[in-house]
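Engineer: Would you mind keeping the following structure in view while I ask a few things?
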Amino acid sequence: DGLYDALVVGRADIVLSALYPDPTRTEDFTFTPPYFNAGEVLIVPTNSSIEGPSDLAGRKVAVVFGTAGHMEALRWEQLLPSPPLLETRESTEEALEALTTGAAGAIVIDALAAQAAKAQGRPIRILAPPVTDESYVIAVRSTESELIDELNTQLQEMQTDGTLKELMERWIY
């Protein structure tokens, strides 16, 4: 809320801080299209044949208790004809350890933690797309139509020319 307050009082022109679009604030603020999805992702060992949730039938899947990924995996239990065997863990590190030791054939963790684990050299494969949507956006005051237009143009150009990907690889992945 403090970030939005900074926009309201004019202490900031934009909010760019792991911000999710808030549909209850569209009267006062305008959001760019998403530039990054930090949602939960399905992670498997590099040599796994698993390509998505439909390949999890009867396999142990570790999830971090209470996360959006846990909720999505519970949904898989209801929707998939042959559901995975869910095992909850208390932390991302515990889930990663379950994957490393073979106690689980797959895990569900957030995309940022997954990228950090991969950067640390863990032998994992991050499956796409994310299993939950936690897209980051930029917010501006709704009266700033020229600013939002320019931000949208710049984001589109950065996606098209690869700059956004380069920045993500350098600072997030």
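Engineer: Looking at A98 and the list (1) part of a loop (DSSP other than H, G, I, E, B); (2) open to solvent by less than 60 Å² (accessible area, probe 1.4 Å), which single condition is not satisfied?
Structural biologist: Condition not satisfied by A98: (1).
Engineer: While we're looking at this one, here's another question. Considering only residues that are over 20 Å from the mean Cα position of the chain (by Cα) and aliphatic (A, V, I, L, M), look in the range 51-72 and name the one that is most open to solvent (accessible area, probe 1.4 Å).
Structural biologist: Only one residue tops the list, namely A57.
Engineer: Can you tell me which of R89, R122, R75 is under 23 Å from M168 (Cα atoms), open to solvent by 40 Å² or more (accessible area, probe 1.4 Å), charged (D, E, K, R) and free of Cβ contacts under 8 Å to residues at least 40 places away in the same chain?
Structural biologist: Testing whether each residue is under 23 Å from M168 (Cα atoms), open to solvent by 40 Å² or more (accessible area, probe 1.4 Å), charged (D, E, K, R) and free of Cβ contacts under 8 Å to residues at least 40 places away in the same chain leaves just R122.
Engineer: Conditions first: (1) under 14 Å from D13 (Cα atoms); (2) touching a strand residue (DSSP E or B) at 6+ places or on another chain (Cβ under 8 Å); (3) open to solvent by 40 Å² or more (accessible area, probe 1.4 Å); (4) not in a helix (DSSP H, G or I). L147 passes all but one, so which condition is the exception?
Structural biologist: Tallying (1) under 14 Å from D13 (Cα atoms); (2) touching a strand residue (DSSP E or B) at 6+ places or on another chain (Cβ under 8 Å); (3) open to solvent by 40 Å² or more (accessible area, probe 1.4 Å); (4) not in a helix (DSSP H, G or I), L147 fails exactly one: (4).
Engineer: Another question about this same structure. Being more than 26 Å from L74 (Cβ to Cβ) and among the basic types (K, R) is the filter here; which residues of the range 119-147 pass it?
Structural biologist: R141
Engineer: Mind listing just one residue for me: the one in the range 132-144 that is open to solvent by 30 Å² or more (accessible area, probe 1.4 Å) and in contact (Cβ under 8 Å) with a residue 12 or more places away in the chain and, of those, farthest from M71 (Cα to Cα)?
Structural biologist: Among residues in the range 132-144 that are open to solvent by 30 Å² or more (accessible area, probe 1.4 Å) and in contact (Cβ under 8 Å) with a residue 12 or more places away in the chain, the one farthest from M71 (Cα to Cα) is E144.
Engineer: Also, quick follow-up: Just for the range 23-50: of the residues that are within 16 Å of T132 (Cα to Cα) and part of a loop (DSSP other than H, G, I, E, B), which one is most open to solvent (accessible area, probe 1.4 Å)?
Structural biologist: Ranking the candidates gives P34 first.
The values are calculated or read from the model by the stated rules, or taken from the named source; none is laboratory data. A quick note: this is a predicted structure, and the numbers were derived from the prediction, not measured. Backbone-built Cβ (ideal geometry, glycine too); neighbour counts: all protein chains shown. Each accessible area value is taken on the protein alone, full model and side chains, heavy atoms only, with ligands, DNA and RNA left out. Shrake-Rupley method; radii C 1.70, N 1.55, O 1.52, S 1.80 Å.
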